[in-house]
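For reference, the structure is listed below as structure tokens.
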Amino acid sequence: MHLPVSSVPKTKQPDFIADHVRAIPRSGIRDFFEIVQSMEGVISLGIGEPDFVTPWHIREAAIYALERGKTGYTSNLGLLKLREEIARYVNENYSLGYDPANEVLVTVGVSEGLDLALRAVLNPGDEVIYHEPCYVSYSPSIALAHGRAVAVSTREEDEFKLRPEALRAAITPRSKALLLNFPTNPTGAVLLKSELDEIAAICREHNLLVITDEIYSELSYAEAHTSIASLPGMRERTIFLHGFSKAFAMTGFRVGYACAPAPLIDAMMRIHQYGILCAPIVSQEAAVEALRHGRNDMLEMREQYRRRRNLLLHAFRNMGLPCFEPRGAFYLFPSIKSTGLSSHDFAIGLLKQEQVAVVPGTAFGPGGEGYVRCSYATALDQLEIAARRMAKFVGRK
Amino acid sequence: MDEALLNLLEENALSTPESLAAQLNTTPAEIKKRIKQLEKYRVILAYKAIVDDERAKRSSVKAVIEVRVTPEREGGFDRLAHRIAQYREVHSCFLMSGGFDLLVFIEGKTLQEVAGFVSEKLSTLPGVISTATHFNLKTYKQQGVLREAVVNEERLKVSP
């Protein structure tokens, strides 16, 4: 029940907000979300999470954990058995060796892991280089940690890869860290091992720390995924961030992890223990099950994403929207420049005229102008309808 | 490619050649050709709808029968299994390991019809030693499809 608030006398609200928080712009996605949420009959390609419900055996493990009364805190680092499974998993799949005792930290998603990593390493004014278009939280997270966000634009003609020359050009004496996200949200770009080698060499040369968000790494459709942390001389200067949301369709469980050398994990853990204490125990129990028995579910979901990607890519090309073939994640990032519309106007027009929601590329940085992000984490029949509606919309332009 | 194509058709047999082609990075003509081949060689046996009898307000009686039989010299279980499988009432028929030999899924309009089939047709076949009939009381999942779909109603319509 909502109590009426009109009777409360309004006084002038004093401003208590910190400058660096006030400076953070509202998320472009947030504004768009409000409009979409108010409309009926919308097919949304704007969703950055799997459409699959978490596989049953993982949900069942969470239920079982509750039945056994697993309702308390865990170690600040996370359940030891989960850290052991994580160490095994990253060893088998990424050729990374971390000690579960002090080199693995269970976090509340990669979001928390990223925040911890930045806060643990940045002194005020330190620069963090990242590639853009990128996930919406990078620049604000850097600013909240009192760092300076330095964006390097990636371009469609380079398949949205981070080019070594572009990275070099962005380096200054204040550069502290490089933030990577391959496969990339929103472009689906990947970096091959040979390309990572070049990036790694620059990081070693300039003594940069690498924070690598590899949340989409299981969803690689072409080449095998390589983690930059596995390259020679990189382990000691890399914080590897990963989680369960995308590969195991566990977004709402809010569980991820960071792997790094012990001094870095220890520093991150000091922030985590006071800010969060520990990731929720039920989610951690579910995560153990995901790593032990979730592989087939993951592979099956990846196969479905791959087919949907093919379908939507084919549809975009047929309607005359050039689109880079994404190698990972579950997004397509078509160019809508030929329509003569801005990303924002395209997204609003498509939504109002054809009830299809896509996210304007500008939500992921200024370099996203001329593009829209279309998620294919949506049922196939819905994708087909959405593609037909989009073709109608594009045909009218 | 056939394996991927079969997986897609098993998910939805009504998928159009155009949609299948786009998903598998090939042409609709190629898809049509492959499907024709798969049908011709009886890799694809049939296309059917999976119907919820309760919602269709259709009364039917379903049962599973464990059948023990005497295998024949030359032919083993096959000849008798074929004889059983051909009855219209039999929906599926499998040879099993364990305490019985054949597992027979049958369906009829009434209890009498199913009971009559078991007592008059199945049990009297030469070679059938015994039958144990289990009636279906309620269906929760059939052919891989849950009766009650699990959907996340609260999924956000736009998220980063």
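Derivation of every value follows stated rules applied to the coordinates shown; laboratory data play no part. On a predicted model such as this, the values are computed, not experimentally measured, just so you know. Cβ placement follows ideal geometry from the backbone for every residue including glycine, while neighbour counts extend to all protein chains displayed.
Rank-order A:98-108, B:94-104, B:36-46 by packing density, defined as the average count of other C-beta atoms within 10 Å over each peptide's residues, highest first. Present the calculation step by step, with values, prior to reporting the outcome.
On the way: A:98-108: 21.5, B:94-104: 14.1, B:36-46: 11.0.
Packing proxy ranking, top to bottom: A:98-108, B:94-104, B:36-46.
Read phi for every residue in the stretch B:115-121 and hand back ³J(HN,Hα) as whole Hz from Karplus 6.51 cos²θ - 1.76 cosθ + 1.60, θ = phi - 60°, with x for Gly and Pro.
Listing the rounded values in order: 4, x, 4, 5, 6, 9, 9 Hz.
Using a 10 Å cut-off around each Cβ, can you sort A:HIS225, A:HIS272 from fewest to most neighbouring Cβ atoms? Could the numbers behind the result be given before it?
Numbers: A:HIS225 21, A:HIS272 27.
Ascending Cβ contact count within 10 Å gives the list A:HIS225, A:HIS272.
Could you line up A:ASP115, A:ASP213, A:ASP297 from fewest to most neighbouring Cβ atoms inside 10 Å? Walk me through the intermediate numbers first.
On the way: A:ASP115 24, A:ASP213 28, A:ASP297 19.
Fewest-to-most ranking of A:ASP115, A:ASP213, A:ASP297: A:ASP297, A:ASP115, A:ASP213.
Filter the cross-link list A:LYS246/B:LYS33; A:LYS392/B:LYS157; A:LYS246/A:LYS337; B:LYS33/B:LYS62; A:LYS161/A:LYS246; B:LYS48/B:LYS138 down to pairs whose alpha-carbon distance in this structure exceeds 27 Å. List each step's numbers first, then the result.
Numbers: A:LYS246/B:LYS33 36 Å; A:LYS392/B:LYS157 22 Å; A:LYS246/A:LYS337 30 Å; B:LYS33/B:LYS62 38 Å; A:LYS161/A:LYS246 21 Å; B:LYS48/B:LYS138 21 Å.
Flagged as over cut-off: A:LYS246/B:LYS33; A:LYS246/A:LYS337; B:LYS33/B:LYS62.
So which aspartates and glutamates pass the test for B:LYS109, namely a Cα distance under 14 Å, with those fewer than 8 places away in the same chain ruled out?
Answer for B:LYS109, where 14 Å is the Cα cut-off: B:ASP53, B:GLU54, B:GLU89, listed by chain and number.
Given H placed 1.01 Å from N in the peptide plane, which residues other than close sequence neighbours of A:GLY256 have an amide H under 5 Å from its amide H?
Counting only residues 5 or more places away or on other chains, the set is A:THR107, A:VAL108, A:GLY109.
Could you give the length gained by full extension between B:THR16 and B:ASP78, i.e. 0.36 nm per residue of separation minus their alpha carbon distance, to one decimal place? The partial results should precede the final answer.
On the way: separation 62, 0.36 × 62 = 22.32 nm, distance 3.75 nm.
18.6 nm is the gain from fully extending B:THR16 to B:ASP78.
Would you work out which of A:ALA149, A:TYR130, A:HIS344 lies farthest towards the positive end of the dipole of chain A? Charges go on Cβ: Lys and Arg +1, Asp and Glu -1.
About the Cα centre, the residue reaching furthest to the positive side is A:HIS344.
Give the residue list of GluC sites (Glu not before Pro) in the stretch B:53-136 that are DSSP loop and have at most 15 other beta-carbon atoms within 10 angstrom. Let's see the in-between values first.
On the way: sites: B:GLU54, B:GLU66, B:GLU72, B:GLU74, B:GLU89, B:GLU107, B:GLU113, B:GLU120; in loops: B:GLU54, B:GLU74, B:GLU89.
For GluC sites (Glu not before Pro) across the stretch B:53-136 that sit outside H, G, I, E and B with at most 15 neighbouring Cβ atoms in 10 Å, the list reads B:GLU54, B:GLU74.
For an R0 of 41 angstrom, estimate the FRET efficiency from the Cβ-Cβ distance between B:ASN25 and B:GLU54 and round to the nearest 0.05.
Details: r = 41 Å, r/R0 = 0.99.
Efficiency computed from Cβ-Cβ geometry: 0.50.
Which residues' amide hydrogens lie under 5 Å from the amide hydrogen of A:VAL372, considering only partners 5 or more residues apart or on another chain, with H built in the peptide plane?
Here A:ILE336, A:GLY361 satisfy the definition.
Given chain B, report the % of alpha carbon pairs whose separation exceeds 23 Å. Can you show the working numbers first?
On the way: 7403 of 12720 pairs.
The share of Cα pairs beyond 23 Å in chain B comes to 58 percent.
Which of the chymotrypsin sites (Phe, Trp or Tyr not before Pro) across the stretch A:28-78 are loop residues per DSSP, with 11 or fewer other Cβ within 10 Å?
Working: sites: A:PHE32, A:PHE33, A:PHE52, A:TRP56, A:TYR64, A:TYR73; in loops: A:PHE52, A:TYR73.
Within the stretch A:28-78, the qualifying chymotrypsin sites (Phe, Trp or Tyr not before Pro) (loop, at most 11 other Cβ atoms within 10 Å) are A:TYR73.
Would you calculate a helix-derived [θ] at 222 nm for chain A, using -39,500 (n - 2.57) for each DSSP H run of n ≥ 4 and dividing by the full residue count, to the nearest 500? Please list the in-between numbers first.
Values: 13 runs with 161 residues, N = 397.
So the calculated ellipticity at 222 nm is -12500 deg cm²/dmol.
Quick query: amide H of A:ILE47 versus all other amide H atoms, modeled in the peptide plane; which residues come in under 5 Å with a sequence gap of 5 or more or a different chain?
A:SER375, B:SER159
Write down Rg/Rh for chain A, rounded to two decimals, with Rg from the C-alpha atoms and Rh from the Kirkwood relation over Cα pairs.
Details: Rg = 21.5 Å, Rh = 22.1 Å.
Checking Rg against Rh, the ratio lands at 0.97.
Could you give the nm distance between label points at A:ASP381 and B:GLU39, where each point is 7 Å from its Cα heading toward the beta carbon?
Roughly 2.2 nm, to one decimal.
How many angstrom lie between the C-alpha centres of the stretch A:233-284 and the stretch B:34-69?
Using only Cα atoms, the two centres lie 48 Å from each other.
Based on the inverse mean of 1/r over its pairs of different Cα atoms, what is the Kirkwood hydrodynamic radius of the stretch B:61-136, in Å?
On the way: mean 1/r = 0.0814 Å⁻¹.
Averaging 1/r across every pair of different Cα atoms and inverting gives 12.3 Å.
Per residue of B:22-28, how many C-beta atoms from partner chains lie within 10 Å of its own C-beta, taken as a mean? The partial results should precede the final answer.
Values: counts 13, 11, 4, 6, 1, 0, 0.
That works out to 5 on average.
Once you put a point 7 Å from the Cα of A:TYR73 and another 7 Å from the Cα of B:ARG68, both along the Cβ direction, what distance in nm separates them?
6.2
For A:ARG388, what charge total do you get from the other residues with a beta carbon under 13 Å from its beta carbon, if Lys and Arg give +1 and Asp and Glu give -1? Mind dumping the intermediate values first?
Details: positive: A:ARG389, A:LYS392; negative: A:GLU354, A:ASP381, A:GLU384, B:GLU18.
Local charge sum for A:ARG388: -2.
Can you give the mean number of other chain Cβ atoms that lie within 10 Å of the Cβ atoms in peptide B:145-156? Show your work: numbers first, answer last.
Details: counts 0, 1, 0, 0, 1, 5, 2, 8, 0, 1, 9, 10.
Neighbouring Cβ atoms belonging to other protein chains average 3 per residue here.
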